[in-house]
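Accompanying notes for the structure given below.
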Amino acid sequence: MIESILVLLFTLLSFLMGVAQFIFGGIIDKVSESIGVSIAVIGQLTTIYSLSAAIGTPIVMISLAKRPLHHILFFGLLSMIIGNGLMFVAPNFSILMVARMLVGLGAGVYGIAAFSIIAEKAKPERRGRDLSMISVGASLALVLGVPFSRVITSLIDWRFIFLGLSILMIIVFIVLIKLLKSTSTREISSIKEQLSYLISKETALLFLVTFSMFLGYSALNTYITPYLLNISGNFGSIISWLLMIVGIASVIGSRLGGVLSDKFGVSNVIEAALFIQALALVVISLFSNIEYIVILALFIWAVAAWTCGPIFNLNINSRFTKGKAILLSINGTMVQFGFAGGAFLGAIIVESIGISSIALFASGVVLLAAVLFWFEKKRNSRSK
């Protein structure tokens, strides 16, 4: 019973975290006008968020390696609560930066701790499905939370969104304090043992797969609107619906990854989903003049991406018996670096080659991830 309650609470928290992370895409103009700086400057708050999560999370996980997992979870929650509270009262851009750093750091730490707790508590036959709900919460934020935030800002000041997020997180935090008193686990390996995993060929290859997949995903996802408009002028009138389709696909993929992992094995699902992504992106590139094929391939791409992306952590959790917390945090760092790198390289491609090449570039990077994972999977099976 307690496992089901934890899954529900973590899904809610992941939704709130997702809203806090993605919200600037919908209200960036409102924040810019309120603070008195340009939209481009406000856009850097997303970069600050990602870098804080990428760099700060492993440091915190190493520093708190000997603490119970629920203490680490509470640290992440408190960081997000304080950060969102600062967003509500921030008088200038400097305070906003500090607030986003706290939220990004808290989100990264929370994600690893929540995953680890559910992995310990879930029944083996339901582990994939239960863990997938953490990703479902973040996916729902894209579909529901971010668009709804735009509606809210048309009625009240944008700051109240972050106040609401902070209050809801406090409520969940109080409930979790009562639930997790006697259900925590400890990281059993020493800091030295944890760090030793980072230099092994096995873990380095897995991290490269994660980085490559999210690099390709980010390259297209960052420029998806101008890319679709470049393909067809007819997409201009339905672009909101197309983005909604991608959002729905992400929710489906998040849940599908967990269900399929429980049935077919996590490594098999990741391998298939990576190759399906690459194929879908090639189809988008080759048949860009046929609109219904583009829409179908776009949906398949998004489902496959969100099917395998979130269960990279599940693969690491099932592969290693020690050092899981630091390995999961480094994997999260690769996700954030992939997002940042994809946006950066995508900009270079758009400027130097043309936006029509962005899907083909993404397909090549994801195909590289698929081949690397296939190679790593074969090597791991031979070593057993």
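The values are calculated or read from the model by the stated rules, or taken from the named source; none is laboratory data. These numbers come from a predicted model, not from an experiment. Positions of Cβ are generated from backbone atoms using ideal geometry, with glycine treated the same way; all protein chains shown enter the neighbour counts. Please note that ligands, DNA and RNA were not included when accessible areas were found on the heavy atoms of the full protein model with its side chains. Shrake-Rupley method; radii C 1.70, N 1.55, O 1.52, S 1.80 Å.
Tabulated data for the structure shown
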{"item": "Qualifying residues in the stretch 337-346 (those that are farther than 17 Å from Cys308 by Cβ and touching a helix residue (DSSP H, G or I) at 6+ places or on another chain (Cβ under 8 Å)) - the one least open to solvent (accessible area, probe 1.4 Å)", "result": "Gly346"}
{"item": "Residue match in the stretch 237-247 (condition: part of a helix (DSSP H, G or I), in contact (Cβ under 8 Å) with a residue 12 or more places away in the chain and within 26 Å of Ala54 (Cα to Cα))", "result": "yes"}
{"item": "Selected residue (criterion: most open to solvent (accessible area, probe 1.4 Å)) from residues of the stretch 262-294 that are aromatic (Phe, Trp, Tyr) and part of a helix (DSSP H, G or I)", "result": "Tyr292"}
{"item": "Check on Gly137, over 16 Å from the mean Cα position of the chain (by Cα) and within 26 Å of Met244 (Cα to Cα)", "result": "no"}
{"item": "The stretch 147-169 residues that are more than 14 Å from Ala90 (Cβ to Cβ), paired with ones that are modelled with pLDDT under 85 and among the hydroxyl-bearing types (Ser, Thr, Tyr) (beta carbon under 9 Å, 6 or more apart)", "result": "Pro147/Ser240"}
{"item": "Neighbours by Cβ (under 7 Å, 6+ apart or cross-chain): first from the stretch 271-292, within 20 Å of Thr210 (Cα to Cα); second part of a helix (DSSP H, G or I) and of a type in the set (Phe, Trp, Tyr)", "result": "Glu271/Phe373; Glu271/Trp374; Leu274/Phe373; Gln277/Trp301; Ala280/Trp301; Leu281/Trp301"}
{"item": "Some residue of the stretch 304-321 being surrounded by 18 or more Cβ atoms within 10 Å (Cβ to Cβ), part of a helix (DSSP H, G or I) and basic (Lys, Arg)", "result": "no"}
{"item": "Selection from the stretch 1-33 of residues that are in a helix (DSSP H, G or I), more than 25 Å from Thr222 (Cα to Cα) and either modelled with pLDDT under 80 or not β-branched (Val, Ile, Thr) (or both)", "result": "Ile2, Glu3, Ser4, Leu6, Leu8, Leu9, Phe10, Leu12"}
